[in-house]
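So the structure is just underneath, and the comments pick up after that.
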Amino acid sequence: MPRIAVIPGDGIGPEVTRQAVRVLRLLSEERGLPLELVEWDLGAERYLRTGTAITEAEFAELERDYHAILLGALGDPRVPDNAHTRAILLGLRFRLDLYINLRPARLLHPRLSPLKDPGEHGIDIVVVRENTEGLYTGIGGQFKRGTPDELALEQDVNTRKGIERIVRAAFEYARATGRRRVTLADKANAMPHAGELWRRTFAEVAAEYPDIEREALYIDALALDLVRRPGRYQVIVTSNLFGDILSDLAAALVGGLGLAPSANLHPGRHALFEPVHGSAPDIAGTGRANPLAAILSAALLLDHLGYAREAARVEAAVRATIERGETTPDLGGTLDTERVGDAVCAELRRSG
Ligand code: NAD
Ligand code: IPM
Ligand code: MN
């Protein structure tokens, strides 16, 4: 039976995760889906209480004894440098070598897009973000801190292995899902060393996929064109930081962070599912948090576990609640987090 570690985390993390867990439990209990969910107390509370965010033994247990992880969000204003977020979230991405960060942005209903004209073919973009290197490794340092000459270095790490495996993952994903074009986003005009390696590797891997169109764009131009013509983009492969930014932009085009799920994957090894959004301290505790990104992340988890039919049912239930306007205020509705969870569960029961 698949064992899932649930890490609700901070802020709205526990609020939205509770609804995703309800959906999983409903499928598991009423539909006989084998699934064991084990809650883990990791987050700012524990870090502030004990001074430890996560231990080596816990990393090892998560890796050894669990099939996947479902995470809410991490981040707390009482931890201004976000040390615990880096330790837990980036720690899991690095430790479990979850090199693929899949961030789909699909327009589920035309009224959700802030664009005047989202285009006749809708929006269906997947950002395939490199998740283990780039500007996220923490390699660097400070020098002469507190003096007029102080400096800070944050190194951008780009390995052939890291680029090749994420580019290949993007083409494989395109092929497996019937998508016809992969776009590389980089800044090769200003960063020639990394840029040349990314572009050369991209071209070499793309040659193995003659059925799929490829293009390389500068990220600034792509950011503009994503707003202008979002319908032409299908799979965008990019480095860690660029992918972080582009996935928030893509989410905004289809209804915002309240709807954006993600999967952090190392095929055959481990997987972590989480909404793209953070702990949203500005709305935590108000009931305004949209749980649909967390619920859609649970659908990605189901799909990963081989429960494709159940995953599709969850997505259909989310779509139905949006169509009926049973949403939180970010999507124009009046329901609170729990009531949206109710609506999705009711829809699932009807469809079962
Ligand atoms: P955020 O995603 O938490 O919030 C950005 C804006 O979107 C806020 O106005 C928030 O109210 C809104 N929003 C986010 N999720 C929403 C939801 N489900 N429903 C309705 N509105 C929602 O980003 P931030 O404010 O930049 O970061 C807050 C904290 O979260 C920081 O500590 C940051 O580091 C952390 N963070 C964590 C993750 C993660 O755990 N994966 C991701 C992003 C940010
Ligand atoms: C995300 C978040 C994280 C990231 C932060 C919290 C470190 O923004 O998952 O998108 O930058 O990857
Ligand atoms: Mn982000």
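The values are calculated or read from the model by the stated rules, or taken from the named source; none is laboratory data. Values in this document were obtained by computation on a predicted structure and should not be read as measured data. Virtual Cβ from ideal backbone geometry, glycine too; neighbours counted across all protein chains shown. What goes into the accessible areas is simple: the full protein's heavy atoms, side chains included, and nothing from ligands, DNA or RNA. Shrake-Rupley method; radii C 1.70, N 1.55, O 1.52, S 1.80 Å.
Structural remarks
- The convex hull defined by the C-alpha atoms of the stretch 19-163 has an orientation-averaged projected area of 14.9 nm².
- Under 5 Å from the amide H of residue 236 lie the amide H atoms of 126, 127, 128, 183, each residue being 5 or more positions distant or on a separate chain, with H modelled from the backbone and absent for Pro and chain starts.
- Probing with 1.4 Å while keeping every protein chain in the model, the per residue accessible area of the chain equals 44 Å².
- Kirkwood Rh and Cα Rg combined as Rg over Rh, evaluated for the stretch 209-268: 0.98
- 3J(HN,Hα) from dihedral phi, the stretch 269-277, Karplus parametrisation 6.51/-1.76/1.60, rounded to Hz, x for glycine, proline: 10, 6, 7, 9, 10, 7, x, 6, 6
- The stretch 287-334 and the stretch 99-135 have Cα centres spaced 16 Å apart.
- Ordering 216-222, 10-16, 77-83, 141-147 by mean Cβ neighbour count within 10 Å, with the highest value first, yields 10-16, 216-222, 77-83, 141-147.
- With all protein chains in place and a 1.4 Å probe, the accessible surface of the chain carries 52 percent carbon and sulfur.
- When the chain is treated as a GNM with alpha-carbon contacts under 10 Å, the residue of 248, 282, 303 showing the greatest mean-square fluctuation is 282.
- Once both labels are positioned 7 Å from their Cα atoms along Cα-to-Cβ, the gap between residue 36 and residue 319 label points is 3.5 nm.
- Amide N of the stretch 225-265 lying under 17 Å from the label point, which is placed 7 angstrom from the Cα of residue 116 along Cα→Cβ: 225-231
- Pairwise Cα separations in the chain fall into 20 Å bins from 0 onward with the following percentages, short to long: 30, 59, 11, 0.
- Here the alpha carbons of the stretch 185-307 define both size measures, Rg and Dmax, at 16.9, 51 Å.
- Applying the Karplus relation 6.51 cos²θ - 1.76 cosθ + 1.60 with θ = phi - 60° to the stretch 26-42 yields 3J(HN,Hα) values of 4, 5, 5, 7, 7, 10, x, 7, x, 6, 10, 10, 10, 7, 10, 8, 10 Hz, where x marks Gly and Pro.
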